[in-house]
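The values are calculated or read from the model by the stated rules, or taken from the named source; none is laboratory data. Owing to the predicted nature of the structure, the values given are computational and were not obtained by experimental measurement. When we count neighbours, we look across all protein chains shown, and the Cβ atoms used for this are built from the backbone with ideal geometry, even at glycine.
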């Protein structure tokens with residue numbers, strides 16, 4: 001009954017498939033019995049639990065779900081939706097997605113067991129690459145709130161048996177550096193891509209050489225934003241350890257994929273690969289137009305199924321994330337995987353300072369001011385390595401521009417949780433959009449130079 | 001933990017789960033809450049170790 005170890009080199013793909021099928025069958029039986037959402041989906045597809053006799057049947061016949069499906073379910077069955085598969089009193093933690101899409105926040109119940117799983121799916125990638133009991137780990141990802149990513153790191157650090165150094169998000173980077181120095185030795189760092197960049201810059205500005213100031217580091221681990229490979233190599237050189245990356249989300253209850261010991265830079269200096277944690281999450285990569293599975297080396301949309309989640313399991317959930325897929329057979333390991341550094345979106349969502357920001361949400365805020373004729377926005381890496389957002393706004397006619405810029409900034413902040421500077425420009429400086437407006441540019445990677 | 005014990009971890013965790021279940025019947029609400037916490041942790045550990053999730057929850061919708 002016990003699982004093979006979660007080390008790709010030691011894992012047998014056929015055995016992994018048997019574990020996945022057993023878990024899928026139990027999951028499907030359970031949700032068909034306990035969730036009218038999933039029962040309705042299966043009935044509509046003329047699929048019964050007993051029909052799921054292979055992973056192929058599951059992949060071919062179990063219907064997809066999307067964010068919009070979950071929001072509609074919640075609207076009809078508040079607050080968790082009918083996909084909640086346990087009695088409400090068994091929910092020990094409420095998770096919500098960020099809510100900046102302008103579409104609504106998905107709600108997830110977590111049982112006591114799910115909370116542990118959530119922590120495990122943060123600890124797993126870190127322990128795989130060197131975090132050990134007794135280590136001190138710096139966690140720079142904002143803690144708490146209602147997302148899984150806000151709760152997972154602290155749970156994960158405890159599960160790993162390590163000591164968590166988790167400075168408040170509001171603390172300046174300089175103050176965080178002071179804490180790092182005070183609580184040395186530091187063995188592991190977890191941060192967003194952008195904050196890892198910022199932290200490196202500030203350390204160097206303060207006169208430190210990271211690899212000398214923190215010689216005990218087993219690894220640095222980033223998530224959430226893309227980066228150029230030259231930057232990744234420079235980070236490894238400056239810190240004197242391997243750079244790692246993970247892919248995770250609230251829907252995945254933590255990380256669904258992460259780099260192994262080789263790290264985020266491939267042996268040829270190109271991009272590394274994140275291994276799927278396929279005993280815990282079934283990952284598929286599909287063509288978003290046809291729904292067909294893509295081939296190894298191709299890009300597609302990541303679809304995830306939680307194999308061990310009790311309260312609010314997602315089954316064949318379309319993430320909207322664009323990934324490059326590598327099949328296990330092509331990698332010589334038991335796990336499939338996705339390319340490091342380049343996870344993008346099929347919609348226009350941008351990940352800014354840990355917030356999911358959809359241009360539609362900014363549009364709604366900016367154009368709620370009738371004086372606005374047009375605007376464009378850009379996100380970039382500013383002085384000191386900070387992620388900055390700028391809105392260049394043109395007004396229709398004479399108005400109190402100064403008063404309006406402040407009001408627009410506040411409205412955008414309230415809607416997206418991201419502070420953006422507002423600059424007034426002449427209408428002639430902004431483009432004319434004749435088809436679909438492409439108001440945003442993401443220039444952050446150009447700014448990642450160390 | 002020896003290799004033998006590691007291979008048998010699901011059985012051990014299931015035994016622990018049954019013991020935690022007994023504590024969940026406590027009349028003391030604080031003990032009951034802590035026992036539920038413990039039982040949940042053990043259930044997840046068993047799942048991570050290779051067991052399937054309990055089928056006895058549910059009946060929600």
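Residue A:45 - would you say it is within 14 Å of chain B (Cβ to nearest Cβ), at pLDDT 95 or above and farther than 20 Å from residue A:278 by Cα? Walk me through how you get there before you give the answer.
Details: within 14 Å of chain B (Cβ to nearest Cβ): no; at pLDDT 95 or above: yes; farther than 20 Å from residue A:278 by Cα: yes.
Judged against the criteria, residue A:45 is not a match.
Filter the stretch A:131-151 down to the residues that are modelled with pLDDT of 95 or more and more than 16 Å from residue A:195 (Cβ to Cβ) and list them by number.
Within the stretch A:131-151, A:131, A:132, A:133, A:134, A:135, A:136 meet the criteria.
Filter the stretch A:13-22 down to the residues that are away from every other protein chain (no Cβ under 14 Å) and within 14 Å of residue A:276 (Cα to Cα), then identify the one that is modelled with the highest pLDDT. Write out each step before concluding.
Step one: list which residues in the stretch A:13-22 are away from every other protein chain (no Cβ under 14 Å), which gives A:13-14, A:17.
From the residues that got through so far, the ones that are within 14 Å of residue A:276 (Cα to Cα) too are A:13, A:17.
Values: A:13: 89, A:17: 93.
Going through the qualifying residues, I end up with A:17.
Residues are listed down the side, and each one gets a yes or a no for (1) more than 18 Å from the chain's Cα centre (by Cα); (2) under 30 Å from residue A:30 (Cα atoms):
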position: A:292; (1), (2): yes, yes
position: A:295; (1), (2): yes, no
position: A:298; (1), (2): yes, no
position: A:302; (1), (2): no, yes
position: A:305; (1), (2): no, yes
position: A:314; (1), (2): no, yes
position: A:320; (1), (2): no, yes
position: A:350; (1), (2): no, no
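If a residue counts only when it is modelled with pLDDT of 95 or more, which helices (runs of 4 or more DSSP H) contained entirely in the stretch A:180-242 have at least 3 such residues?
The qualifying helices (runs of 4 or more DSSP H) are A:210-213, A:229-239.
I'm trying to understand the selection: among the residues of the stretch A:23-32, which are within 11 Å of another protein chain (Cβ to nearest Cβ) and in contact with a helix residue (DSSP H, G or I) (Cβ under 8 Å, 6 or more places away or on another chain)? Spell out the reasoning first.
Pass one, the stretch A:23-32, residues within 11 Å of another protein chain (Cβ to nearest Cβ): A:23-27, A:29-32.
Scanning the stretch A:23-32 gives A:24, A:25, A:29, A:31, A:32.
For the stretch A:272-290, enumerate the residues that are over 28 Å from residue A:26 (Cα atoms) and within 18 Å of the chain's Cα centre (by Cα).
A:272, A:273
Of the residues that sit in the stretch A:43-73 and are touching a helix residue (DSSP H, G or I) at 6+ places or on another chain (Cβ under 8 Å) and more than 30 Å from residue A:334 (Cα to Cα), which one is surrounded by the most Cβ atoms within 10 Å (Cβ to Cβ)?
In this case the residue turns out to be A:73.
Which condition from (1) under 24 Å from the mean Cα position of the chain (by Cα); (2) assigned to a helix (DSSP H, G or I); (3) touching a residue at least 40 places away in the same chain (Cβ under 8 Å) is the one that residue A:441 breaks?
With respect to (1) under 24 Å from the mean Cα position of the chain (by Cα); (2) assigned to a helix (DSSP H, G or I); (3) touching a residue at least 40 places away in the same chain (Cβ under 8 Å), residue A:441 is out only on (2).
Out of the residues in the stretch B:3-41 meeting the condition of being within 14 Å of residue A:308 (Cβ to Cβ) and facing chain A (nearest Cβ under 8 Å), tell me which one is modelled with the lowest pLDDT.
Among those that are within 14 Å of residue A:308 (Cβ to Cβ) and facing chain A (nearest Cβ under 8 Å), it is B:10.
Out of the stretch A:60-85, which residues are within 22 Å of residue A:415 (Cα to Cα) and not in a helix (DSSP H, G or I)?
Answer for the stretch A:60-85, where residues must be within 22 Å of residue A:415 (Cα to Cα) and not in a helix (DSSP H, G or I): just A:79.
For residue A:79, work out the one condition from (1) within 25 Å of residue B:20 (Cβ to Cβ); (2) within 14 Å of another protein chain (Cβ to nearest Cβ); (3) surrounded by fewer than 21 Cβ atoms within 10 Å (Cβ to Cβ) it doesn't fulfil.
(1)
Does residue A:162 count as assigned by TED's automatic domain parsing to the domain that holds residue A:254 and closer than 23 Å to residue A:236 by Cα?
In short, yes.
Residues are listed down the side, and each one gets a yes or a no for (1) outside any strand (DSSP E or B); (2) farther than 30 Å from residue A:196 by Cβ:
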| site | (1), (2) |
| --- | --- |
| A:368 | yes, yes |
| A:378 | no, no |
| A:391 | no, no |
| A:398 | yes, yes |
| A:402 | yes, yes |
| A:409 | yes, no |
| A:418 | yes, no |
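Conditions tested, residue by residue: (1) within 30 Å of residue A:232 (Cβ to Cβ); (2) surrounded by fewer than 19 Cβ atoms within 10 Å (Cβ to Cβ); (3) free of Cβ contacts under 8 Å to residues at least 24 places away in the same chain.
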position: A:369; (1), (2), (3): no, yes, no
position: A:377; (1), (2), (3): yes, no, no
position: A:411; (1), (2), (3): no, yes, no
position: A:445; (1), (2), (3): yes, yes, no
position: A:448; (1), (2), (3): yes, no, no
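Just give me the residues in the stretch A:271-290 being over 20 Å from residue A:223 (Cβ atoms) and either touching a strand residue (DSSP E or B) at 6+ places or on another chain (Cβ under 9 Å) or within 14 Å of another protein chain (Cβ to nearest Cβ) (or both), in sequence order.
Correct list: A:279, A:282, A:284, A:286, A:287, A:288.
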